[in-house]
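Worksheet for the structure shown next.
The values are calculated or read from the model by the stated rules, or taken from the named source; none is laboratory data. Treat the numbers as computed from the prediction; the structure is a model and nothing was measured. In this analysis, Cβ positions are derived from the backbone assuming ideal geometry, glycine residues included, and neighbour counts consider all displayed protein chains. To get the accessible areas, we keep the full protein, side chains included, count just its heavy atoms, and leave off ligands, DNA and RNA. Shrake-Rupley method; radii C 1.70, N 1.55, O 1.52, S 1.80 Å.
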Amino acid sequence: MGGGLAGLTAAIHLSREGKRVLLIEKKAYPRHKVCGEYLSNEVLPYLNSLDIDIQKDLKPVKIHELLYSTQKAKSIETSLSLGGMGLSRYALDDFLFKKAEEYGAETLINSVENINFEKDKFNLKLSSGKELSAPIVLGAFGKRSNIDKSLEREFIQEKSSWLAIKSHYEDVEFPENLVALHNFEGGYCGLSKTETGVVNACYMVSYKSFKKYRNTEEFKEKVLFQNAYLKGFFKRAKPLFEKDLSIAQISFQEKSLINNHILMLGDAAGLIHPLCGNGMAMAIHSGKIASEAVLNNFQGNNLDRKNLENQYRQNWSTYFENRLKTGRILQRILINPILASTSQQLVKKFPYLLEKIISKTHGQPIV
Ligand SMILES: Cc1cc2nc3c(=O)[nH]c(=O)nc-3n(C[C@H](O)[C@H](O)[C@H](O)COP(=O)(O)OP(=O)(O)OC[C@H]3O[C@@H](n4cnc5c(N)ncnc54)[C@H](O)[C@@H]3O)c2cc1C
């Protein structure tokens with residue numbers, strides 16, 4: 001369920017291994033998604049093992065530098081030891097969707113409305129009215145979905161205080177090898193180039209900060225422009241979308257990893273703070289470990305569900321639990337103005353702290 005990076009990866013991995021896979025995605029490709037579009041290089045060896053060469057086929061920009069600036073535009077720059085790629089979700093998701101089909105996955109553009117587990121199998125109801133059943137279901141429906149409501153997942157009961165806005169811009173001055181994170185009151189904005197040479201600008205802000213203003217333009221002028229870097233960028237860059245894209249109710253709360261026997265992948269299992277720039281890599285990685293657990297425990301008609309769930313749980317916590325914890329701590333620091341300002345000064349004074357944070361929130365190359 002869900003054809004973002006986690007669902008697409010699992011569909012590719014499993015269909016390559018001869019499993020019969022149906023990928024159900026709510027909305028057609030290609031389309032833009034609210035995302036910083038910085039993808040850590042840690043995914044490259046794994047994607048290559050699936051015969052996927054995004055560097056050759058999609059030509060992302062190579063990013064090796066990080067610039068972080070405080071609200072007062074005091075900045076530090078550091079090299080990213082592993083580095084990453086600037087790549088639009090418009091191109092990436094569509095490309096992986098076509099790969100999934102090429103490797104034999106069946107696909108359906110429709111929304112799953114309901115799911116239940118009975119007599120050791122899942123029954124799904126789609127918005128078209130179609131009903132399906134399957135022995136295994138992977139929940140890769142992202143950070144917030146109607147499925148979370150129908151499963152009555154705990155995190156969905158609470159309101160979340162974050163929203164995010166993004167657009168692409170034309171800006172010849174912005175360096176190609178850089179990802180920039182600029183702080184402003186109540187949030188931060190990430191800037192980096194994508195494969196088409198445009199700059200993706202994506203900012204996250206708390207409702208509390210945002211609701212004081214009438215619209216995004218006023219918010220930009222009154223708040224984002226307090227940071228001279230952001231003022232410079234938004235004054236000179238030319239917006240390429242007719243309208244900014246936005247999403248609301250972004251939640252960083254802990255989520256159940258396995259819900260009613262559905263293995264949750266990617267953001268459906270837990271969203272790492274976007275400031276860490278690692279959610280896309282984690283989604284891809286979770287697709288890998290879920291697929292491996294399925295392959296190890298579902299052979300022929302024999303399915304060892306207990307072992308499948310145990311293996312997935314164990315591997316998920318090995319790879320992601322600490323990263324998510326660090327992300328949550330970072331988020332708490334950033335929403336507290338006093339802690340945010342102290343930490344900015346600390347990072348300025350001790351730049352190696354930034355490198356430490358990066359290594360704590362990123363993984364090793366996935367093999
Ligand atoms: C503001 C912001 C900036 C970010 N920046 C970065 C960054 O620079 N680098 C990075 O690595 N990560 C970043 N992330 C995180 C990254 O976007 C996510 O971690 C990643 O997209 C998760 O992939 P996913 O497959 O779990 O979910 P998604 O990519 O969200 O895919 C979920 C899919 O499920 C579909 N779906 C939902 N419900 C249903 C249903 N009922 N039936 C069928 N389909 C359904 C949706 O349409 C969607 O296509 C950012 C996140 C945010 C919010």
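If eta is 1.567 mPa s and T is 4 °C, what Stokes-Einstein diffusion coefficient results for segment 5-361, Kirkwood Rh from Cα pairs, in µm²/s?
61 µm²/s
Counting DSSP beta bridges in the chain, what percent are antiparallel, to the nearest 5?
Around 85 percent of the beta bridges assigned by DSSP in the chain are antiparallel ones.
For LYS27, give me every one of the lysines with a C-alpha distance below 20 angstrom, ignoring sequence neighbours fewer than eight places off in its own chain.
Within reach: LYS98, LYS99, LYS125, LYS130, LYS143, LYS149, LYS166, LYS243.
Provide the packing ranking of 3-11, 69-77, i.e. peptides ordered by the mean count of other C-beta atoms within 10 Å per residue, highest first. Walk me through the numbers before you get to the answer.
On the way: 3-11: 29.6, 69-77: 17.0.
In descending order of packing, they fall as 3-11, 69-77.
Per residue, how much accessible area does segment 282-367 have with a 1.4 Å probe, in Å²?
57 Å²
I need two numbers for segment 245-367: Rg to one decimal and Dmax as a whole number, Cα atoms only, in Å.
Looking at segment 245-367, its Cα Rg and Dmax stand at 17.2, 60 Å.
Which ³J(HN,Hα) values, rounded to whole Hz and listed in residue order, are derived for segment 193-210 from phi using the Karplus coefficients 6.51, -1.76 and 1.60 in 6.51 cos²θ - 1.76 cosθ + 1.60 with θ = phi - 60°, glycine and proline given as x?
Here the 3J(HN,Hα) series is 7, 10, 4, 8, x, 7, 9, 8, 10, 9, 10, 10, 8, 7, 4, 4, 6, 6 Hz.
Work out, step by step, the length gained on full extension between GLU173 and GLN157: first 0.36 nm times the residue separation, then minus their alpha carbon distance; give nm to one decimal.
This chain segment gains 1.3 nm when fully extended.
Given segment 1-84, report the % of alpha carbon pairs whose separation exceeds 22 Å. Could the numbers behind the result be given before it?
Numbers: 1556 of 3486 pairs.
Beyond 22 Å sits 45 percent of the P(r) for segment 1-84.
Starting from the Cα-Cα distance between THR196 and PHE350, subtract it from 0.36 nm times their residue separation and give me the gain in nm to one decimal.
51.9 nm
For ILE258 and LYS72 in the same chain, what is the full-extension length gain: residue separation times 0.36 nm, less their Cα-Cα distance, in nm?
Value of the extension gain: 62.6 nm.
Counting only helical runs of four or more DSSP H residues, what would the 222 nm mean residue ellipticity of the chain come to if each run contributes -39,500 (n - 2.57) and the total is spread over all its residues? Working shown, then result.
Numbers: 13 runs with 130 residues, N = 367.
Estimated from H runs of four or more residues: -10500 deg cm²/dmol.
Go ahead and set up a Gaussian network model of the chain, Cα springs under 10 Å, then flag whichever of ASN278, ASN310, ASN302 fluctuates most.
With Cα springs under 10 Å in the chain, the top fluctuation among ASN278, ASN310, ASN302 is at ASN302.
Would you mind getting the accessible area per residue of segment 108-167, heavy atoms of the protein chains only, 1.4 Å probe, in Å²?
That works out to 52 Å² per residue.
Report the Cα centroid-to-centroid distance between segment 162-176 and segment 107-143 in angstrom, as an integer.
Going from one Cα centre to the other spans 36 Å.
Take each of the peptides 321-327, 31-37, 167-173, average the number of other beta-carbon atoms within 10 Å over its residues, and list them starting from the highest.
On the way: 321-327: 18.1, 31-37: 21.0, 167-173: 16.3.
Going by the mean number of other Cβ atoms within 10 Å, highest first, we get 31-37, 321-327, 167-173.
What's the carbon and sulfur percent of the chain's accessible surface, probe 1.4 angstrom, rounded to a whole number?
49 percent
Modelling each spin label as a point 7 Å along the Cα-to-Cβ direction, I'd like the ALA28/LYS59 distance in nm, to one decimal.
2.7 nm
Which ³J(HN,Hα) values, rounded to whole Hz and listed in residue order, are derived for segment 111-118 from phi using the Karplus coefficients 6.51, -1.76 and 1.60 in 6.51 cos²θ - 1.76 cosθ + 1.60 with θ = phi - 60°, glycine and proline given as x?
9, 6, 9, 8, 8, 9, 10, 9
Residues with beta-carbon under 14 Å from that of VAL294, excluding VAL294: net charge, scoring Lys, Arg +1 and Asp, Glu -1?
For residues surrounding VAL294, the net value is +3.
Around HIS32, with a cut-off of 9 angstrom between Cβ atoms, what is the net charge of the other residues, counting Lys and Arg +1 and Asp and Glu -1?
+4
Hey, with R₀ at 30 Å, roughly what FRET efficiency would LEU240 and ASP304 work out to, going by the Cβ-Cβ distance, to 0.05? Each step should come with its number before you reach the end.
Details: r = 50 Å, r/R0 = 1.68.
Computed FRET efficiency for LEU240 and ASP304 comes out at 0.05.
How high is the relative contact order of the chain, given as a whole-number percent (alpha carbon pairs under 8 Å, six or more residues apart)?
Normalised by residue count, the contact order of the chain is 22 percent.
Using only the Cα atoms of segment 185-315, what are the Rg and Dmax in Å?
In Å, with Rg to one decimal and Dmax whole: 20.4, 61.
Can you give the FRET efficiency to the nearest 0.05 for ARG214 and ASP51, using r as the Cβ-Cβ distance and R₀ = 51 Å?
0.50
ILE258: net charge of surrounding residues, Cβ under 12 Å, Lys/Arg +1, Asp/Glu -1, itself excluded?
Details: positive: ARG153, LYS255, ARG305, LYS306, ARG313; negative: GLU309.
That sum, taken over residues with Cβ under 12 Å, equals +4.
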